[in-house]
Every structure is written in structure tokens, then in C-alpha cells.
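Inspection log for the structure reproduced underneath, given as C-alpha cells.
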Amino acid sequence: MTEIIRMRSAEPVVYGVLKIGWDDGHEAVVDLRPVFASGPVFDFLRRDPRRFFDLHLTEHGNSVAWTDDEGDEVDLGTESLRRRADQQAEILRRAG
């Protein structure tokens, strides 16, 4: 069984971009703008991008979450965020 790497911090940089720190010491910047660009679940963020800055880490650092217009929590999990951050870092490394 693989242990889940939990987040210890998540800070907005600009709309759609987070700086995340994980409990294993890894830190990365992840661009979520492509994720937010489509799909009805993120409509509330597209309508009012300021709401992106009202994020919070869920209990135990398993995900980053926002509260939508209905009061429901919309979240992105630590594993998918780490994978996306690593993929984006690799693209930047190859481009450099």
C-alpha cells in the first residue's frame, strides 16, 4: 500500500495557480487554469475569479477545496495535484 503524501500548505499565486508544499518537503507551483477552463463544477470560479483565493486545505491535507454557490465543497486531491505539478515542471525543464 502506498502512503498518501499530504499537503502542508497551498498558497494562491495568481488566479488558477497554486504554490503547494507537501509533507515530504517537496514544493511546486501548479497551474490549474486548464482545469478551471471547462466543466460546470468550476463555473463559480470563472464567474468570480476572486473566489479562487478563498481556498483551504481539507483535514489532513488530502485536498485543496473551495466552497461553491450552493455551499458544497469542490476539491482537488493531493495525488492529482502532485502529478500535475510534476508534469508541468517536466515540460518547463524540457523547454529550458
So, with points 7 Å from each Cα along the Cβ direction, the Arg33-Glu90 label distance in nm works out to 2.3 nm
To the nearest 10 degrees, the tilt of helix 78-95 (Cα long axis) against the first principal axis of the alpha carbons of the chain is 60 degrees
Once both labels are modelled 7 Å past Cα along the beta-carbon direction, what's the Glu3-Lys19 spacing in nm?
-> 2.7 nm
Expected max-MSF residue from Arg84, Arg46, Arg33 in the GNM of the chain (alpha carbon, under 10 Å) is Arg33
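At a 10 angstrom cut-off on C-beta neighbours, averaged per residue, how do the peptides 47-54, 88-95 rank from highest to lowest? Can you show the working numbers first?
Numbers: 47-54: 12.5, 88-95: 9.9.
Output ranking for 47-54, 88-95: 47-54, 88-95.
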Given q = 0.12, 0.16, 0.21 Å⁻¹, what are the Debye log10 I(q)/I(0) values for the chain, with equal point scatterers placed on the Cα positions and solvent ignored?
-> -0.38, -0.66, -1.09
Rg in Å to one decimal, and Dmax rounded to a whole Å, for the range 1-44 via C-alpha atoms | 12.8, 36
What list of ³J(HN,Hα) couplings, whole Hz, do you get for the range 19-30 from phi and the Karplus terms 6.51, -1.76, 1.60, once you set θ to phi - 60° and write x for glycine and proline?
-> 9, 10, x, 9, 6, 8, x, 6, 10, 7, 9, 10
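Tell me the carbon and sulfur percent of the accessible area for the chain, rounded to whole percent, probe radius 1.4 Å. Mind dumping the intermediate values first?
Details: 3050 of 6080 Å².
Roughly 50 percent of what the probe reaches on the chain is carbon or sulfur.
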So what is the relative contact order of the chain, in percent, for Cα pairs below 8 Å that sit 6 or more residues apart?
-> 23 percent
Per residue, how much accessible area does the chain show when a 1.4 Å probe rolls over the protein heavy atoms, in square angstrom?
-> 63 Å²
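The values are calculated or read from the model by the stated rules, or taken from the named source; none is laboratory data. Bear in mind that the values here come from a model prediction, so they are computed numbers and not experimental data. In this analysis, Cβ positions are derived from the backbone assuming ideal geometry, glycine residues included, and neighbour counts consider all displayed protein chains. These area figures cover heavy atoms from the full protein model, side chains too; ligands, DNA and RNA do not enter into them. Shrake-Rupley method; radii C 1.70, N 1.55, O 1.52, S 1.80 Å.
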